[in-house]
Structures are given as C-alpha cells and as structure tokens.
Amino acid sequence: MIGEELLAVAEAAARAAASELLTHQDEAHSSVESKSTPTDPVSAADLAAESAIRAVLAEQRPDDAILGEEGDDSPGTSGLRWVVDPLDGTVNYLYGIPQWCVSVACEGQVGVIFDPLGDELFSVIVGQRPLLNGEPIAPSGCERVDRALVATGFGYDPAVRLGQGAIVAELLGHVRDIRRGGSAALDLAWTAAGRYDAYFERGVQAWDTAAGLLICEAAGLSTRTLDPSGAQGAGVLVAAPQMIDQLFELVAAA
C-alpha cells in the first residue's frame, strides 16, 4: 500500500538525518552560522542532515516535490510533496540538551518524528492510529483548561519573544502550568502521546509542524490556526476538542 511505502521512506530519511546529526554533534559549536537573527543558528550538521534526507528521497521518490528548512524547494511531478526539518531544536542540539529531533512528512499521507537520543520514532499513516516505536499512542484525555499542562515555544527575534511572553504571562493564571522544550515537532508528538495536554505557538513554519500535526490529528486532537499578532507570525493550537475553544480564546486574542 502507498501509505506503508511512503512511511518506510520517511523513516529511512529521518534515520539517515539522525545518523549525520549524531556524527557531527561533538563539533557542532565550531560550525555555526546565523539565519534570520543572530540567535537563529544553522550548523553544518543541519545542512548535512538535510542533504541525507534529500539523498534518500532522490533515490526512492525522485518525482516528488520537497520543501526543506535548509535547502531550496524542489519541484516534483507526482503531486506529492515532502516537508522536512532535518533538525528541529537546533539550539538544544548545540548546547547538548536532549530535546531535538528530525521531522519528515509527506503532506496528507504520512509523518515521522524521530528523537535519536531517546530512540523514539513517532509515526502515522493518515487514516490510521499514530504510533510510538510501533505501539499505539493516545492523548492525555484532559478536557479542562485549568488542569492542562500546556507546551509552547518562543521565536528568535526579541520583539517576537516579548509578545509571546505576554501571552504566556496571561495564560499562566488559567492553566496547570506551562512547558517550553525547544522543539516544536517534539512538542506536538508529546502532546499526541499524552505527555502534554495542549500545545500552541506562533511563528512556526510548515517544516516545524507538518509531521506533528498529522500525528496529533490522527490521535483525535483538534487543531486551530492562530492569526499573526504584532510581530508574531501565524501559528497553531492543538488540544482536546472539549477544551480547544476556551484555550483558543485565551491565546488568540493576545
């Protein structure tokens, strides 16, 4: 079946990227440049990891399009497009904080998020249950905002972070607590697996969320799009259907 074939490709691509990242980790600090701001880093490891993903896709899915964080968009003729983040959580990776991953998705088809340090592979074929290392996962079941452990993230631009901080300051009085891990893709995967009750963030890009949103939606969670606010770009909110509207009111109005 096409879903199983695509999932095998996604896993192979994610594992190839992870191998590069693990190989380069000790020297990662010595080969860092900046992208959008001085605090938005890209390392040689990012570039090597995306090259590894593209090599797998070129060999196994040469007619598909590719959208990657570090490389140019590659057009395709098959009608399928891969959206890849070779290293989500770059700052964590550079500092040796074990919360980073590889995210690979084929839009509308399959998604994989691989945490090589934890040896955890989250995966989904659209229309089927999401899995963690081959076993089904499920959300926490939390339906009340005041009991919710909510994950979020912050952008690299100081002006963006100020707006995000104001939203978090307001939200803290309404929820159980807030967590900020540093990898949007893992935040989404962990929400689908019940380690968080909800997740929101503005300023995320397609490669940050493509696989994670497929996994969360397959787990039965609801999603909302957050409009831009001030210096913050558009974003996403994920939570149980029973509380997403209330959470949306809290984070969308800010």
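The numbers here are math on the coordinates, done by the rules we state, and not lab data. Worth saying up front: this structure is predicted, and the values here are computed from it rather than measured. In this analysis, Cβ positions are derived from the backbone assuming ideal geometry, glycine residues included, and neighbour counts consider all displayed protein chains.
For the reader, a short list of remarks on this structure follows.
- Taking all Cα pairs closer than 8 Å and separated by 6 or more residues, the relative contact order of the range 108-254 comes to 26 percent.
- Where labels lie 7 Å past Cα in the beta-carbon direction, separation of Ala8 and Glu59 in nm: 1.4
- Taking other C-beta atoms within 10 Å as the exposure proxy, His24, His174 rank His174, His24 from fewest upward.
- With R₀ fixed at 25 Å, the C-beta to C-beta distance from Ala166 to Ala138 puts the FRET efficiency at about 0.15.
- Extension gain, Gln205-Ala253: 0.36 nm per intervening residue step, less the Cα-Cα distance, totals 15.2 nm.
- Listed residue (Ala231, Ser123, Phe248) projecting farthest to the positive dipole end of the chain, Cβ model: Phe248
- Scaled to the globular estimate 2.2 N^0.38 Å, the Cα spread of the range 145-252, given as radius of gyration, is 0.95.
- For the chain, the convex hull drawn through the C-alpha positions has a volume of 114 cubic angstrom per residue.
- Rounded to the nearest 20 debye, the dipole size of the range 138-254 about its Cα centre is 240 debye, using +1 on the Cβ of Lys and Arg and -1 on the Cβ of Asp and Glu.
- Only helices enter the 222 nm calculation for the chain: every DSSP H run of n ≥ 4 contributes -39,500 (n - 2.57), and dividing by all residues gives -11500 deg cm²/dmol, rounded to 500.
- Extension gain, Arg180 back to Ser51 (0.36 nm per residue minus Cα-Cα distance, nm): 43.6 nm
- Share, in percent, of DSSP beta bridges within the chain that are antiparallel, nearest 5: 75
- Segment Asp245-Asp227, extension gain: residue separation times 0.36 nm, minus the distance between their alpha carbons: 5.0 nm
- Check: the chain dipole with +1 on Lys, Arg Cβ and -1 on Asp, Glu Cβ, in debye: 680
- Packing order of peptides 185-194, 106-115, 91-100, highest average first: 185-194, 106-115, 91-100 (average count of other Cβ atoms within 10 Å over each peptide's residues).
- Computed over the range 2-136, the range of Cα coordinates on each principal axis works out to 41, 34, 23 Å, biggest value leading.
- Cα radius of gyration and Dmax for the range 59-157 (Å): 16.2, 49
- Peptides 242-250, 195-203, 62-70, 131-139 ordered by average Cβ neighbours within 10 Å, highest first: 195-203, 62-70, 242-250, 131-139
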